[in-house]
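Colleague: The structure under discussion is supplied below as structure tokens; questions concerning it will follow.
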Amino acid sequence: MTVESERQVPTELKQLEDSKFGLPDSKVTYTFSLDAGSPILTISTGSGEDTVYRRTGNAVHHVFHDYQRSEAMFPVRDGVKLHLVILKPADIATPLPFLVQRTPYGCDGTNRGSFSSGRPELAREGYIYVCGDIRGRYKSEGEFVMSRPNVDHSNPKAIDESTDTYDTVAWLLQNVPGNNGRAGFVGTSYPGFWPWRPASIRTLQ
């Protein structure tokens, strides 16, 4: 038996009793019963306040792509290596665009479940989702500078967030098979500072 929701990938439940099941690594339990032939589901979170649901129709099933996770360390133009987590749908055969988020908050927790939970609409669309640790944060090398300003791009050795973004996309296009040559960007809060940086890319070509 599995449980799923709009933001939760199908997760197998562990049977605790005849009609009681538990969510792995959680205090949440699901208890099934009948009332005048109508199925009832009671969900307990362990806080003492239970939620009761009565079946009113057929179960709703959402689309959850089979995102396969990989990691990469790749060099940018000054030799510093940046860290990426790549989620690629294994159940889609056609070439796909990249959806990239660059963040100072760490990408290690990025997986199929976190992507579906945080951005369910985008996860269902079927992108090659990429989370990148920005320069100097978590597994990426180099020095972190808060809101690093743009540099003079006439200097081919100068670096800023736009050059790191450019080099990230260039590496992805060359090294991740099954892409369609396109990349979009997403971000919220401080990571929302980075999506406009690709606008500088054309000045670097």
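The values are calculated or read from the model by the stated rules, or taken from the named source; none is laboratory data. In this text the structure is predicted, and so the values were computed from the model without any measurement. Cβ sites come from the backbone with ideal geometry, for glycine too, and all protein chains shown count toward neighbours. For the accessible areas, the whole protein counts, side chains as well, though only heavy atoms, and no ligand, DNA or RNA atoms are used. Shrake-Rupley method; radii C 1.70, N 1.55, O 1.52, S 1.80 Å.
Colleague: Tell me the per residue accessible area of the chain using a 1.4 Å probe; a whole number in Å² is fine. Working shown, then result.
Modeller: Numbers: 11630 Å² over 205 residues.
I get 57 Å² per residue for this part.
Colleague: Once the cut-off is 31 Å, how many percent of the Cα-Cα pairs in the chain end up in the long-distance tail? Please report the intermediate quantities before stating the final value.
Modeller: Numbers: 7459 of 20910 pairs.
The share of Cα pairs beyond 31 Å in the chain comes to 36 percent.
Colleague: To the nearest 20 Debye, how big is the dipole of the chain about its Cα centre, given +1 on the beta carbon of each Lys and Arg and -1 on that of each Asp and Glu?
Modeller: Around 460 debye, computed over the chain.
Colleague: Hey, another quick one. Would you list ASP164, ASP66 from the most to the least accessible area, probe 1.4 Å? Walk me through the numbers on the way to the answer.
Modeller: On the way: ASP164 0, ASP66 70 Å².
Descending order: ASP66, ASP164.
Colleague: Relative contact order for the chain using alpha-carbon pairs under 8 Å, separation at least 6, rounded to a whole percent?
Modeller: On the way: 354 pairs, mean separation 35.5, N = 205.
Relative contact order, the chain: 17 percent.
Colleague: Give me the percent of accessible area attributable to carbon and sulfur for segment 74-183, probe 1.4 angstrom. Don't skip to the end; give the middle numbers.
Modeller: Details: 2490 of 5050 Å².
Roughly 49 percent, rounded to a whole number.
Colleague: Report, to one decimal in Å, the Kirkwood hydrodynamic radius for segment 45-141 based on all distinct Cα pairs. Don't skip to the end; give the middle numbers.
Modeller: Values: mean 1/r = 0.0640 Å⁻¹.
When all Cα pairs of segment 45-141 are included, the Kirkwood radius is 15.6 Å.
Colleague: Expressed as an acute angle from 0 to 90° and rounded to the nearest 10, what is the orientation of the C-alpha long axis of helix 161-175 relative to the principal long axis of the chain?
Modeller: 70 degrees
Colleague: FRET efficiency for HIS61 and SER117, Cβ-Cβ distance as r, R0 = 22 Å, nearest 0.05? Don't skip to the end; give the middle numbers.
Modeller: Working: r = 17 Å, r/R0 = 0.77.
So the FRET efficiency works out to roughly 0.85.
Colleague: Quickly estimate the mean residue ellipticity at 222 nm for the chain, helices only: each DSSP H run with n ≥ 4 gives -39500 (n - 2.57), and the total goes over all residues, rounded to 500. Don't skip to the answer; put the middle values down first.
Modeller: Numbers: 3 runs with 28 residues, N = 205.
Computed ellipticity for the chain at 222 nm equals -4000 deg cm²/dmol.
Colleague: Excluding residues fewer than 8 places away in the same chain, name every one of the lysines whose C-alpha is closer than 20 Å to that of LYS139.
Modeller: Straight-distance partners of LYS139: LYS81.
Colleague: Another question about this same structure. Treat each spin label as a single point 7 Å out from the Cα along the C-beta direction, and report the LEU16 to GLU4 distance in nm.
Modeller: 2.4 nm
Colleague: Also: Would you list which lysines come within 26 Å of LYS14, measuring only between C-alpha atoms, while excluding same-chain residues fewer than 8 positions from it?
Modeller: Candidates past the 8-residue exclusion: LYS27.
Colleague: Under a point spin-label approximation (7 Å from Cα along Cα-to-Cβ), what is the ASN155-THR51 distance to one decimal in nm?
Modeller: The modelled label-to-label distance comes out at 5.4 nm.
Colleague: Here is a further query. For segment 1-68, calculate the relative contact order in percent as a whole number, restricting contacts to Cα pairs under 8 Å that are 6 or more residues apart. All intermediate terms of the calculation are to be shown ahead of the outcome.
Modeller: Details: 92 pairs, mean separation 13.1, N = 68.
Dividing the mean separation by the residue count of segment 1-68 yields 19 percent.
Colleague: Tell me, what ³J(HN,Hα) does each residue in segment 140-147 have, in order and in whole Hz, if you take phi through Karplus 6.51 cos²θ - 1.76 cosθ + 1.60 with θ = phi - 60° and put x for Gly and Pro?
Modeller: With coefficients 6.51, -1.76 and 1.60, one gets 7, 7, x, 9, 7, 10, 4, 6 Hz.
Colleague: Could I ask something else about it? Once you place label points 7 Å from the Cα toward the Cβ at VAL186 and ARG124, how far apart are they in nm?
Modeller: It is 1.3 nm.
Colleague: Out of all DSSP beta bridges with both ends in the chain, state the antiparallel percent to the nearest 5. Please list the in-between numbers first.
Modeller: Details: 33 of 43 bridges.
Percentage antiparallel, nearest 5: 75.
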